[in-house]
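Asks: Here you go, one structure.
The values are calculated or read from the model by the stated rules, or taken from the named source; none is laboratory data. These figures come from a predicted structure and were not determined experimentally. Don't worry about glycine lacking a Cβ; one is built from the backbone with ideal geometry, like all the others, and counts go over all protein chains shown.
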Amino acid sequence: MCSGVYHQLAIKEIVLWCLLHFFLLLIKLIVAAAKMFWTALLSNSIVLPLKVAVWYHSHSHVIFAEIAHSDADLMNQSLLGVGLHRSKKAPNASHP
């Protein structure tokens with residue numbers, strides 16, 4: 001009987017340990033997401049003008065498609081930045 005109780009305690013401790021590490025990992029991912037956002041925004045802000053310059057000299061349809069893709073990425077990241085900024089606001093009566 002003692003071994004069964006010990007086994008149940010061991011399972012509960014393992015589950016609690018896993019939950020704790022899951023939440024610690026989640027916090028690390030949230031911090032990393034902000035760093036990834038700024039890195040992606042900066043890199044796309046640098047790459048987009050370079051692609052425009054290459055397209056201007058080559059008039060390649062493929063490069064033009066890449067410009068459209070980079071522009072869409074930049075707009076998407078801008079909207080993500082707005083969402084990240086607004087998510088940090090304190091709750092109020094209309095948005096608890």
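Asks: Within the range 52-67, can one find any residue that is part of a helix (DSSP H, G or I) and touching an Asp or Glu at 6+ places or on another chain (Cβ under 9 Å)?
Replies: Yes - at least one qualifying residue is present in the range 52-67.
Asks: Related question: Name the single residue that is surrounded by the fewest Cβ atoms within 10 Å (Cβ to Cβ) among those in the range 62-80 being touching a residue at least 24 places away in the same chain (Cβ under 8 Å) and among the hydrophobic types (A, V, I, L, M, F, W, C).
Replies: Among those residues, the one meeting the criterion is Leu80.
Let's see how each residue does on (1) modelled with pLDDT under 80; (2) within 24 Å of the chain's Cα centre (by Cα); (3) surrounded by 10 or more Cβ atoms within 10 Å (Cβ to Cβ):
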position: Met1; (1), (2), (3): yes, no, no
position: Leu29; (1), (2), (3): no, yes, yes
position: Lys35; (1), (2), (3): no, yes, no
position: Ser43; (1), (2), (3): no, yes, yes
position: Leu48; (1), (2), (3): no, yes, yes
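Asks: State yes or no: is Ile11 out of contact with any helix residue (DSSP H, G or I) (no Cβ under 6 Å at 6 or more places or on another chain), of a type in the set (A, V, I, L, M) and at pLDDT 90 or above?
Replies: In short, no.
Asks: Inspect the range 81-89 for any residue being surrounded by 12 or more Cβ atoms within 10 Å (Cβ to Cβ), in a helix (DSSP H, G or I) and of a type outside the set (Ser, Thr, Tyr) and give the result as yes or no.
Replies: yes
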